[in-house]
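The values are calculated or read from the model by the stated rules, or taken from the named source; none is laboratory data. All figures in this text were calculated on a predicted structure; none of them were measured in a lab. Here the Cβ positions follow ideal geometry from the backbone for every residue, glycine too, while neighbour counts run over all protein chains shown. What goes into the accessible areas is simple: the full protein's heavy atoms, side chains included, and nothing from ligands, DNA or RNA. Shrake-Rupley method; radii C 1.70, N 1.55, O 1.52, S 1.80 Å.
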Amino acid sequence: MNCGEGIDTRQIDELFINLDPIQAGGRLTTDAMKAVLAYGDGYSVCDHCTKPFRLDHISKPPLAEFHKDLATFLNMDTARLVPGARRGFQAVADALVKPDDPVLLTAYSHYTEFLSVEQARAQPFEIPANDSHIITPDAAASRIEEVIKTTGKTPALMFVEQVDYQYGNQHPVKDLIKVAHQYDIPVLCNGAYTIGIMEVDGKELGADFLVGSGHKSMAAPAPSGVLATTNEWAETVLRTTGVKGDLTGRTFGVKEVEMMGCTLMGVTSVGMMASFPHVKKRVKEFDAQVRYGNMIVDALLTIDGTQVQSEYPRRHTLTRMNTTDSFDKVAKKHKKKGFFLTSALRERGITGILAGSTRVWKFNSYGITKEQASYVADAFVEIAKAEGIA
Ligand SMILES: Cc1ncc(COP(=O)(O)O)c(C=O)c1O
């Protein structure tokens, strides 16, 4: 497998420090790049697919082993590859939720979680966040009570985000799950911003379902992701086909209905698998990554009028800033208007912040080194000083 030798995404990253809020954890490793080139053909992982004919049984390349390793990595009983976290939400909602069932989500649930509920023709109910932008167990309990009272039904499923995409805050998922379980509500924990970034222990959290995104947080090609579950729920969400109807004697055996048979063929599965050893290592370095993120936030907070809207000190590398009273004041008088900030950053080799943002904006420093964090921190302060606000 010589293809791809010499392509190193880190060489590209050395030219720019990319702070894009959604891209940080998905950038491919060199090994994933090589695997992508070698397994580019659509059915490249299917050459050695023998009975039982299903992706998670293929041993060459070692997809069967990879599925088991993923379950162990997440401390869950079973795992499946899915084409993006959204397809994990869809599989679970489709298997558990009936039309008109109430389903709980949070004020920070991703739109794809809502779509999975809508597709199941169910009714979504949001758990509101508190003033610190956290979803609390108390808020979950009162919302559950309210939903039971108004609909006369116990919610069929609850979605919670371990770290949300708007503030990058860590929510008390273990306690939220405890509350839901008191009402016998199964819980899907959305780990799109955590699985592959930090250590996630499904059993410790008490999650019935864990869903991660390969292209967001596991250094994998898109669309990819993982759905993991417990023995209690595996039969429901991974039921095999038992189709009845007017068939001409055909049956489809071990094919899993919610997985549409097989899920990730070729590039996506081998890309994910090739990055996996790196991902297993990097989750152990998360604390250092959080420290580097805090270095940048601390520097930003020295600039007059700047606020951090996410919880602080930071416990994740995705952060939401409010610079309405600092950089945006400069923007109002600057010849480049709101673009002055992203333009000044670009001149310093820093990209990824939405062009023109000077009020509320997000950045994700995941994957940078301490030196790069220090460089970014200094760059913000230098830009502020040049504009007379620090
Ligand atoms: C919190 C969160 N959940 C789920 C998703 C969807 O993930 P995927 O693209 O893997 O389906 C996203 C994507 O942006 C997200 O931010």
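General observations
- Among (1) in a loop (DSSP other than H, G, I, E, B); (2) out of contact with any Pro (no Cβ under 9 Å at 6 or more places or on another chain); (3) among the aliphatic types (A, V, I, L, M); (4) at pLDDT 95 or above - the single one ILE296 does not satisfy: (1)
- Which numbered condition GLY253 misses (of (1) over 28 Å from GLU161 (Cβ atoms); (2) open to solvent by less than 20 Å² (accessible area, probe 1.4 Å)): (2)
- Number of the exception - MET198 against (1) within 13 Å of the ligand (Cβ to nearest atom); (2) in contact with a helix residue (DSSP H, G or I) (Cβ under 8 Å, 6 or more places away or on another chain); (3) closer than 26 Å to LEU157 by Cα; (4) open to solvent by less than 60 Å² (accessible area, probe 1.4 Å): (1)
- Tallying residues that are within 16 Å of the ligand (Cβ to nearest atom) and open to solvent by 10 Å² or more (accessible area, probe 1.4 Å) within region 206-239 yields 5.
- Test: PRO277 is surrounded by fewer than 18 Cβ atoms within 10 Å (Cβ to Cβ), of a type outside the set (Gly, Ala, Ser) and assigned by TED's automatic domain parsing to the domain that holds GLU199: yes
- Tally, over region 283-305, of residues that are of a type in the set (Val, Ile, Thr), surrounded by fewer than 22 Cβ atoms within 10 Å (Cβ to Cβ) and touching a residue at least 60 places away in the same chain (Cβ under 8 Å): 3
- Residue list for region 215-246, filter: of a type in the set (A, V, I, L, M) and without any contact (Cβ under 8 Å) to a residue 24 or more places away in the chain: VAL243
Residue by residue, here is whether (1) outside the structural domain of TRP233 (by TED's automatic domain parsing); (2) free of Cβ contacts under 8 Å to residues at least 12 places away in the same chain; (3) among the basic types (Lys, Arg); (4) farther than 14 Å from LEU264 by Cα holds:
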| position | (1), (2), (3), (4) |
| --- | --- |
| ARG54 | no, no, yes, no |
| LEU63 | no, no, no, no |
| LEU81 | no, no, no, no |
| ALA85 | no, no, no, no |
| LEU96 | no, no, no, yes |
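Per-residue answers, yes or no, for (1) open to solvent by less than 20 Å² (accessible area, probe 1.4 Å); (2) over 24 Å from ASN322 (Cβ atoms):
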position: SER116; (1), (2): yes, yes
position: GLN166; (1), (2): no, no
position: GLN170; (1), (2): no, no
position: ASP184; (1), (2): no, yes
position: VAL187; (1), (2): yes, yes
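- Pairs with Cβ under 7 Å, 6+ apart, first in region 360-381 and under 14 Å from TYR165 (Cα atoms), second of a type in the set (Asp, Glu): ASN364/ASP20
- Checking MET260 against (1) out of contact with any Phe, Trp or Tyr (no Cβ under 6 Å at 6 or more places or on another chain); (2) of a type in the set (A, V, I, L, M); (3) closer than 30 Å to GLU371 by Cβ, the condition it does not meet: (3)
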